[in-house]
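Since every read-out is calculated from the coordinates, none of them should be taken as a lab result. The structure presented is a predicted model; accordingly, all values stated were derived computationally and were not measured. Counting neighbours? That spans all protein chains shown, and the Cβs are built from the backbone with ideal geometry, glycine included.
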Amino acid sequence: MKNSHRGATLGAVVMAMSLAACGSGEPASSSSSQTEAGDRTIKVGVKFDQPGLGLKQGADYAGFDIDVANYIADKLGVTPEYVQASVSQRETLIQTGQVDYIVGTYVITDPRKEKVSFAGPYFIAGQDLLVRADDASITGVESLTGKKLCSVKGSTSTDVLLEMNPEINLQEYDSDALCVDALRSGAVDAHTSEDVILAGFAAQPANAGKLRVVGNPFSTEEYGVGLRKGDTELCQQITDALDEFVSSGEWQKSVEKNFGAAGFKPGADNPPTPAPCA
């Protein structure tokens, strides 16, 4: 089979790490396991609360990032077991082996690369603002002076925004969903995140006509697959899968399926070419 070599390689790596861990008294560095039926499973960190990207509804998962995660797992010859990966916990989940990799709007940054490795990018987003549809006063970062702006704790957006406008009244919440709730209730004046995330929330039936994306992006954010630092073998396997995800046409199909209803069009740099693993 096409995926047998990759699956066998991953299985061998997992077994070697587990045996080494047992001998040393240290915890295994991979969360992969094997079911009674003989199927290999792997734990993958994703978002549970991002419409269009990673959304958990009952026992079902849907979104662009879920499509990416499923495609990677299929190429590795394993079955994904999803784990919620909040912004503040992602590095810890990887470093402690609670997940093998994370696909969840994980922006590649130099500080993060000191703790984990990345495969990708697989999507390039732009930082933007979500506001109430009837609020014409906010047109960009410069118009946020004195305004209450919601951002997710640990997000890369906060440093950029405060450098651009130190007069912003920043409010940090635990998730994008909580920021959107605060925006709808009037507790904050705007929410900042990547444009693709904001578009997903604006397109929800409950928000239709009530929220809008300003459409004035002020940064470039590269989404990558986070994994254990220095694991170049798994990084290359994931990179190969990402390349195939694009070349097969599945990348474009997923974009249209998840964001077409919102009228969202990815930026001109999409789909990006993954960087070499190092």
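A few comments on the model shown:
- Cβ-derived FRET efficiency at R0 41 Å, S185 paired with T273, nearest 0.05: 0.45
- Each Cα pair under 8 Å and six or more residues apart adds its separation to the average, and for segment 127-213 the resulting relative contact order is 42 percent.
- 222 nm mean residue ellipticity, helices alone, for the chain (DSSP H n ≥ 4; -39,500 (n - 2.57); rounded to 500): -10500 deg cm²/dmol
- Largest GNM mean-square fluctuation across D60, D176, D49, computed for the chain with C-alpha springs under 10 Å, falls on D60.
- Among (1) 38, 23, 20; (2) 32, 22, 19; (3) 35, 19, 17, the entry that matches semi-axes √(5λ) of the Cα gyration tensor in Å as calculated here: (3)
- Stretch in the chain that is longest and holds no GluC sites (Glu not before Pro) that DSSP places in a loop and that have at most 11 other beta carbons within 10 Å: 168-278
- Computed extension gain for S88 through D174, at 0.36 nm per residue and net of the alpha carbon distance, reaches 30.1 nm.
- Cα-projected label distance for T220 with T232, points at 7 Å along beta-carbon direction, nm: 2.6
- In the chain, Cα pairs under 8 Å separated by at least six residues give a relative contact order of 24 percent.
- Neighbour-count ranking [beta-carbon atoms within 10 angstrom, fewest first] of V225, V107: V107, V225
- Angle of helix 176-185 to the longest C-alpha principal axis of the chain, folded into 0 to 90 degrees and rounded to 10: 20°.
- A cut-off under 12 angstrom between Cβ atoms defines the neighbours of V141, and their net charge, with Lys, Arg +1 and Asp, Glu -1, is -3.
- K210 sits among other residues whose Cβ lies under 9 Å from its own Cβ, and their net charge, with Lys and Arg +1 and Asp and Glu -1, is +2.
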